[in-house]
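Written out below as structure tokens is the structure these notes cover.
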Amino acid sequence: MRELQLRGGLRVGRINTSAPLVKLTVNHQELEIAAGLSGHFVFRPEDIIRLEPQTIFPVLGKRVKIVHRNPDYPADILFLTFRDPETLITDIRKTGFLAGANPELSANDERILEKQKSASGFPFKTLFFVGMVLLYNLGPLYYLISSGGDLRMEKVGPYFSLGGLLLVTIGIGLLLSEPLRHWAFRAGTPRKRMNTYIYVVIVIGLWAALINGIAFGSLTAG
């Protein structure tokens, strides 16, 4: 078998791409997974430690986990398939791709796997994330306590807008300050992944400031 092509799904960390949107292509030189916005991954034989067959549920829970030593890729890359995972791995082996795989773990491999494990979870340190949530809610909480629980939007809205602007400020600070990123993110988190979450914080902050500002303006104008 010179080349194997198969449609399926993909799970990268907590992100799922449903079948048949993912294309798996394997030959003796490389294993390629093309999943559109979810990612594009190309492995050489020497990148592979092993392929693990997994069956979580019959029919819909079949997948092949790619255990690899590429430090730039996430740890959890799973190709989702309707086929028997062990049969699929056998077919991949027939392409000659796995002939160059090395299942032996070196000290450097151990470090890479540990780095992948650290980077695959929630990237923010718990204390920093809790602090962001508290800062966003601090103004509204202060107002609600001091006002005896007044929930009128025209009164509490500006405090939520202020909280949103604080999130935007934090996000910009994270983009510009390496020491702040070091304090905010778990060790081993890739910069690209940091930026993704930073932009999410900024977008949430802008959305909160804008929506609450518009609501406040319309209510006071009325």
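Coordinate-derived values only; no laboratory data. These figures come from a predicted structure and were not determined experimentally. With ideal geometry, Cβ positions are generated from the backbone for all residues, glycine too; neighbour counts draw on all protein chains shown.
Pop the C-beta distance of Asp72 and Leu165 into the FRET formula with R0 = 25 Å and round what comes out to the nearest 0.05. Please report the intermediate quantities before stating the final value.
On the way: r = 35 Å, r/R0 = 1.39.
The calculated FRET efficiency here is 0.10.
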key: Listed peptides 65-76, 39-50, 158-169, 14-25 by packing density, highest first (mean Cβ within 10 Å)   = 158-169, 65-76, 39-50, 14-25
Given Lys65/Lys125; Lys65/Lys94; Lys62/Lys125, the pairs whose alpha carbons are separated by over 29 Å = Lys62/Lys125
task = Would you mind getting me the FRET efficiency between Leu21 and Ile145? Use the beta-carbon distance for r and R0 = 41 Å, nearest 0.05.
result = 0.25
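In whole percent, what relative contact order does segment 1-113 give with Cα contacts below 8 Å and a gap of six or more residues?
Relative contact order, segment 1-113: 27 percent.
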